[in-house]
Amino acid sequence: MIHKISLIVVFVLGIFYTPPSFALPADDVIPLTDGDYYPQVHQALTTAKKSILCVMYLADINSKYKQGWEYNLINDLINAHRRGLAVTVVFDQNVMFWETGKKRKKTERKSSEAYELLKKTDVPVYYDSIDRVTHSKILIIDDYITIVGSTNWTYSALRKNHEASVLIKSRSVAEAFLEKLGTISKYQPK
């Protein structure tokens, strides 16, 4: 009896369920766990043809691992810009998000060296608004490839941590993220 009721409930709920408009079929979805992330992202950045949007909570190139994968990914952005691609980078200001109250002005700026290197090489780079944490780790390449997940651009995230990200080849997914990311203060897509 309970089994029949469960089937009826699943059937009825299925009738009323409407998937979100951005969840259209993807051409390809590739899981990027742990060490899979860097080679796939490096390849996607170096083979990009027209544009890259990078929104990254943390990119730390200020460490004893200065020539590591995280540094290479920042250089991939610089090289893409030099190849004439439209590259935009948005970093979180690293507001201490556990602080309470309206006076959340303390920042760590952990991505400051990456920010300064990108700025020095004329890559359009921004910090988000101090009023909100941008905890995203996302790349949108050529308005088609979206790479999203838990992976920051740090030595620990790229070499030591268990991280889970995904590479999605879908124009509709990329467009949906571009629209949402365009609402980040100080960054407006062209």
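The values are calculated or read from the model by the stated rules, or taken from the named source; none is laboratory data. From a predicted model like this one, the values you see are computed outputs, not experimental measurements. Glycine gets a Cβ as well: all are built from the backbone with ideal geometry, and neighbour counts include every protein chain shown. Each accessible area value is taken on the protein alone, full model and side chains, heavy atoms only, with ligands, DNA and RNA left out. Shrake-Rupley method; radii C 1.70, N 1.55, O 1.52, S 1.80 Å.
Among residues of the stretch 132-146 being touching a Phe, Trp or Tyr at 6+ places or on another chain (Cβ under 7 Å) and not in a strand (DSSP E or B), the one that is surrounded by the fewest Cβ atoms within 10 Å (Cβ to Cβ) is 135. Scanning the stretch 116-131 for residues that are closer than 18 Å to residue 52 by Cβ and assigned to a loop (DSSP other than H, G, I, E, B) returns 121, 122, 123, 124, 128. Here residue 111 meets each of (1) touching a strand residue (DSSP E or B) at 6+ places or on another chain (Cβ under 8 Å); (2) closer than 26 Å to residue 172 by Cβ with one exception, condition (2). Could you please let me know if residue 60 is touching a Ser or Thr at 6+ places or on another chain (Cβ under 6 Å), modelled with pLDDT of 60 or more and of a type in the set (Asp, Glu)? For residue 60, the condition - touching a Ser or Thr at 6+ places or on another chain (Cβ under 6 Å), modelled with pLDDT of 60 or more and of a type in the set (Asp, Glu) - is met. Residues in the stretch 147-168 that are among the small types (Gly, Ala, Ser) and either assigned to a loop (DSSP other than H, G, I, E, B) or touching an Asp or Glu at 6+ places or on another chain (Cβ under 8 Å) (or both): 149, 150, 157. Within the stretch 69-84, which residues are open to solvent by 10 Å² or more (accessible area, probe 1.4 Å) and either part of a loop (DSSP other than H, G, I, E, B) or touching a strand residue (DSSP E or B) at 6+ places or on another chain (Cβ under 6 Å) (or both)? Correct list: 81, 83, 84. Within the stretch 34-53, if we keep just the residues that are of a type in the set (Ser, Thr, Tyr) and either in contact with a strand residue (DSSP E or B) (Cβ under 8 Å, 6 or more places away or on another chain) or part of a helix (DSSP H, G or I) (or both), the residue that is nearest to residue 182 (Cα to Cα) turns out to be 51.
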